[in-house]
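Trainee: Let me begin by handing over the structure; questions about it come next.
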Amino acid sequence: MDSRNTYVLIDVDNYISNLDFFRKYCEPAKIMPVLKANAYGHGAVVLSKVAEKAGYDFFAVAFLEEAIELRKNGISSDILVLNFVAPEMLQLAEEMNITITLYGFQQLERYKTVPFRPKAHIEIDTGMRRIGIEPEEADDFFKQARNLGFYVEGAYTHLSVADELKKESREFTEEQISKFLKYVPDVNIRHVCNTAAAIQKLGKCFDYVRVGIGSYGLNPSGELYLGQLKPVLSWKTIVSHVKWVKKGDGISYGRTYIAPNDMKIATVPVGYADGYWRNLSNRGQVLIKGTRCKIVGKICMDQFMVDVSHLQNISIGDEVVLIGEQDNEQITAEEIAKLAGTINYEVTSRIGNRVLRVFVGSCISEFEDYERKISIR
């Protein structure tokens, strides 16, 4: 714990349960857990360790630095980097057996300047328009990559609207899959489906399924829901101060909230520097004593205030739940996302590094020494 008793609780049993659900749901395809952005804010090192022990043998991250962190912490499974890797880093990728993504002719030109050739997957851009080779050029691109000495182990694409069920979106997703199937080069591994596509078992899930948001017990959109998933993350802190304010008092910066009557106010030692949403000011809620308490005034960098006039016997040290359950009440990442005008991915991913991650579950015991020695943030 840290000095202000603020932490994110990560249930690793729920994480493995979610992965195991997708493993059975998507058979015979294998599961590639996506651990980018510190596992969407959940803690990539520990989750990769428990997933590897549970038999998952291929992980995906966004950047080489994320892959290196996993290697340095003992992960021996395959790791795919989904984003750009600078030419000067190819030697390290090769030495550490990290798989890179090839996605453009200009990229290949830059890679000609160095002699190192890590394993690679080719990304084909079937409609995301982010990175990836044009489908019609995939065969030529594959040949050029092979002629440069790359072992191209796999190929993939990314589905841009698989989380939408309206007719035109479904048709576009089917078109993306058809393009991939038509132009994919001859490789050992093909992967197309993200969580949303996996839920719908699109394209029969191919060889691997890249499961990101679903592995954390969160659904990819309001249109796609799996009740079998178990939330992995909860965010908790404590009450740091309690005081009465008078009718007419302004609360926090800008006096955007004026007390309509005498009120009891509790201060919470979390703010937007921790990744808590500033635009939840005067809108969001927290749980204290199993009861919803409204945020009043602007959320500060390190603190915010809530109305606890309806609670009895509240004091410093009482638990505050920002995300998660308390008694019979619950605040979800989806609820926060809706209020903040964003998606659940961003709610968990932006939880800051100064918020401690605390891992619990039956399969975490062997990593206790690691957790004691290193503040996992």
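Trainee: Taking Cα centroids, how far is the stretch 133-157 from the stretch 44-71 in Å?
Mentor: Value for the Cα centre distance between the two parts: 25 Å.
Trainee: I'd like the Karplus ³J(HN,Hα) series for the stretch 204-214: coefficients 6.51, -1.76, 1.60, θ = phi - 60°, whole numbers in Hz, and an x wherever there's a Gly or Pro.
Mentor: So the Karplus estimates, Gly and Pro as x, are 6, 6, 6, 7, 10, 10, 7, 9, x, 4, x Hz.
Trainee: How compact and how long is the stretch 145-254, expressed as Rg and Dmax of its alpha-carbon atoms in Å?
Mentor: For the stretch 145-254, the Cα-based Rg and Dmax read 22.7, 76 Å.
Trainee: So what are the three principal axis dimensions of the stretch 198-315 from its Cα atoms, in whole Å, longest to shortest?
Mentor: 63, 30, 22
Trainee: Right, something else. Any idea what the relative contact order of the stretch 137-291 is, in percent, if you count C-alpha pairs under 8 Å spaced at least 6 apart? Show your work: numbers first, answer last.
Mentor: Details: 187 pairs, mean separation 22.1, N = 155.
With pairs under 8 Å counted, the relative contact order is 14 percent.
Trainee: Go from 0 up to the bin containing the longest alpha carbon distance in the stretch 48-88, width 10 Å each, and give me the % of pairs per bin.
Mentor: All Cα pairs considered, the percentages come to 31, 54, 14, 2.
Trainee: Ignoring any ligand, DNA or RNA, what whole percent of the accessible area of the chain comes from carbon and sulfur when the probe is 1.4 angstrom? Could you put the intermediate results ahead of the total?
Mentor: Values: 8000 of 16720 Å².
The nonpolar share, carbon plus sulfur, comes to 48 percent.
Trainee: Given just the C-alpha atoms of the stretch 220-278, how large is their convex hull per residue in cubic angstrom? Walk me through the numbers before you get to the answer.
Mentor: Working: hull volume 9.9 nm³, N = 59.
Expressed per residue, the convex hull around the Cα atoms of the stretch 220-278 is 168 Å³.
Trainee: Shifting gears a bit: Tell me the net charge near Ile131. Cut-off is 11 Å between Cβ atoms, Ile131 excluded, with +1 for each Lys or Arg and -1 for each Asp or Glu.
Mentor: Once all neighbours under 11 Å are counted, the net charge is 0.
Trainee: Averaging the inverse of every distinct alpha carbon separation and then flipping it gives the Kirkwood radius. What is it for the stretch 21-104, in angstrom units?
Mentor: Numbers: mean 1/r = 0.0760 Å⁻¹.
Taking every pair of different Cα atoms in the stretch 21-104, averaging 1/r and inverting gives 13.2 Å.
Trainee: If you don't mind, there's one more thing I want to ask. Once both axes come from the Cα atoms, what is the angle between helix 44-53 and the longest principal axis of the chain, in degrees from 0 to 90, rounded to 10?
Mentor: That helix lies at roughly 60 degrees to the long axis.
Trainee: Would you list Glu346, Glu88 from the most to the least accessible area, probe 1.4 Å?
Mentor: Values: Glu346 75, Glu88 130 Å².
Largest to smallest exposure gives the sequence Glu88, Glu346.
Trainee: How much accessible area per residue does the chain have, counting only protein heavy atoms and a probe of 1.4 Å, in square angstrom?
Mentor: The answer is 44 Å² per residue.
Trainee: Where Lys and Arg each count +1 and Asp and Glu each count -1, what net charge lies around Asn344 among other residues with Cβ under 10 Å from its Cβ?
Mentor: Working: positive: Lys338; negative: Glu334, Glu335, Glu346.
With Lys, Arg at +1 and Asp, Glu at -1, the neighbours total -2.
Trainee: How high is the relative contact order of the chain? Use alpha-carbon pairs under 8 Å, at least six apart in sequence, and give a whole percent. Before the final figure, lay out the partial values.
Mentor: Values: 811 pairs, mean separation 69.1, N = 377.
Relative contact order for the chain comes out at 18 percent.
Trainee: Tell me, rounded to the nearest percent, the portion of alpha carbon pairs in the chain spaced more than 33 Å apart.
Mentor: Details: 27228 of 70876 pairs.
Of the Cα pairs, 38 percent sit more than 33 Å apart.
Trainee: Further question on the same structure: Can you tell me which lysines have their Cα less than 27 Å from the Cα of Lys289? Leave out same-chain residues fewer than eight positions away.
Mentor: The qualifying lysines are Lys230, Lys236, Lys243, Lys246, Lys247, Lys264, Lys298, Lys338.
Trainee: Moving to a separate point now. So how tilted is helix 138-147 from the main axis of the chain? Cα-based, degrees 0 to 90, rounded to 10.
Mentor: Between the helix axis and the principal axis of the chain, the angle is about 70 degrees.
Trainee: Quick test of your reading: applying the under-4.7 Å Cβ rule, which cysteines of the chain are isolated?
Mentor: Cys193, Cys293, Cys300, Cys363
Trainee: Treating the angle as unsigned and between 0 and 90°, give the value, to the nearest 10°, between the Cα long axis of helix 12-25 and the longest Cα principal axis of the chain.
Mentor: Long axis of 12-25 versus the principal axis of the chain: about 40 degrees.
The values are calculated or read from the model by the stated rules, or taken from the named source; none is laboratory data. Everything quoted here is computed from the prediction, not taken from an experiment. Here Cβ is always computed from backbone atoms with ideal geometry, including for glycine, and neighbour counts include all displayed protein chains. Side chains included, ligands, DNA and RNA excluded: accessible areas come from the protein's heavy atoms. Shrake-Rupley method; radii C 1.70, N 1.55, O 1.52, S 1.80 Å.
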